[in-house]
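The values are calculated or read from the model by the stated rules, or taken from the named source; none is laboratory data. Since the structure is predicted, the reported quantities are computational estimates derived from the model, not experimental observations. With ideal geometry, Cβ positions are generated from the backbone for all residues, glycine too; neighbour counts draw on all protein chains shown. Keep in mind that these areas ignore ligands, DNA and RNA; they rest on the heavy atoms of the full protein, side chains included. Shrake-Rupley method; radii C 1.70, N 1.55, O 1.52, S 1.80 Å.
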Amino acid sequence: MKNSKILGNTKKLDHDVELCRTTSERIIDQATRLLMENQIPFSRDWIRIPFFQREKYRGASQIYVIRTNRNRYGQARRTIDRLQAPFKQRLMLTNY
């Protein structure tokens, strides 16, 4: 087996960036469905909100987060921009 050489900075390999977040599971389902239809790789995760900070998030117990590959961020962002206005208003989009 030959030795292979990885070009570039190896510390930045396989790092996903955050695309958007919301407290509504219905909205995150719509966003993930749209990303899957356009064949964009992503990961979906959630962050637990501590009990005493839930008032700040209107009583929600968790925040849903979508992350995508940093090389496909532009394509994923254009796809999310095609969501209907009521869904898009409840998403917090990031600027990578």
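So which of Ile47, Ile28 ends up being β-branched (Val, Ile, Thr) and either touching a Gly at 6+ places or on another chain (Cβ under 7 Å) or open to solvent by 60 Å² or more (accessible area, probe 1.4 Å) (or both)?
Working: Ile28 fails: either touching a Gly at 6+ places or on another chain (Cβ under 7 Å) or open to solvent by 60 Å² or more (accessible area, probe 1.4 Å) (or both).
Sole residue among the options that is β-branched (Val, Ile, Thr) and either touching a Gly at 6+ places or on another chain (Cβ under 7 Å) or open to solvent by 60 Å² or more (accessible area, probe 1.4 Å) (or both): Ile47.
Can you pull out every residue in segment 82-96 that is open to solvent by 50 Å² or more (accessible area, probe 1.4 Å), within 12 Å of the chain's Cα centre (by Cα) and more than 17 Å from Pro41 (Cα to Cα)? Spell out the reasoning first.
Of all residues in segment 82-96, those open to solvent by 50 Å² or more (accessible area, probe 1.4 Å) come to 82, 84-86, 88-90, 92, 95-96.
Pick out the ones that are also within 12 Å of the chain's Cα centre (by Cα) and you get 92, 95-96.
Answer for segment 82-96, where residues must be open to solvent by 50 Å² or more (accessible area, probe 1.4 Å), within 12 Å of the chain's Cα centre (by Cα) and more than 17 Å from Pro41 (Cα to Cα): Met92, Asn95.
Can you say whether Arg21 is of a type outside the set (Gly, Ala, Ser), free of Cβ contacts under 8 Å to residues at least 40 places away in the same chain and surrounded by 11 or more Cβ atoms within 10 Å (Cβ to Cβ), as far as the supplied structure shows?
Details: of a type outside the set (Gly, Ala, Ser): yes; free of Cβ contacts under 8 Å to residues at least 40 places away in the same chain: no; surrounded by 11 or more Cβ atoms within 10 Å (Cβ to Cβ): yes.
When the stated conditions are applied, Arg21 does not pass them.
Across segment 66-81, what is the total count of residues that are crowded, with 18+ Cβ neighbours inside 10 Å and either modelled with pLDDT of 95 or more or out of contact with any Asp or Glu (no Cβ under 7 Å at 6 or more places or on another chain) (or both)?
Within segment 66-81, the first condition is being crowded, with 18+ Cβ neighbours inside 10 Å, and the residues that meet it are 66-68, 72-73, 76, 79-80.
This time we only want the ones that are either modelled with pLDDT of 95 or more or out of contact with any Asp or Glu (no Cβ under 7 Å at 6 or more places or on another chain) (or both), so: 66, 72-73, 76, 79-80.
Count: 6.
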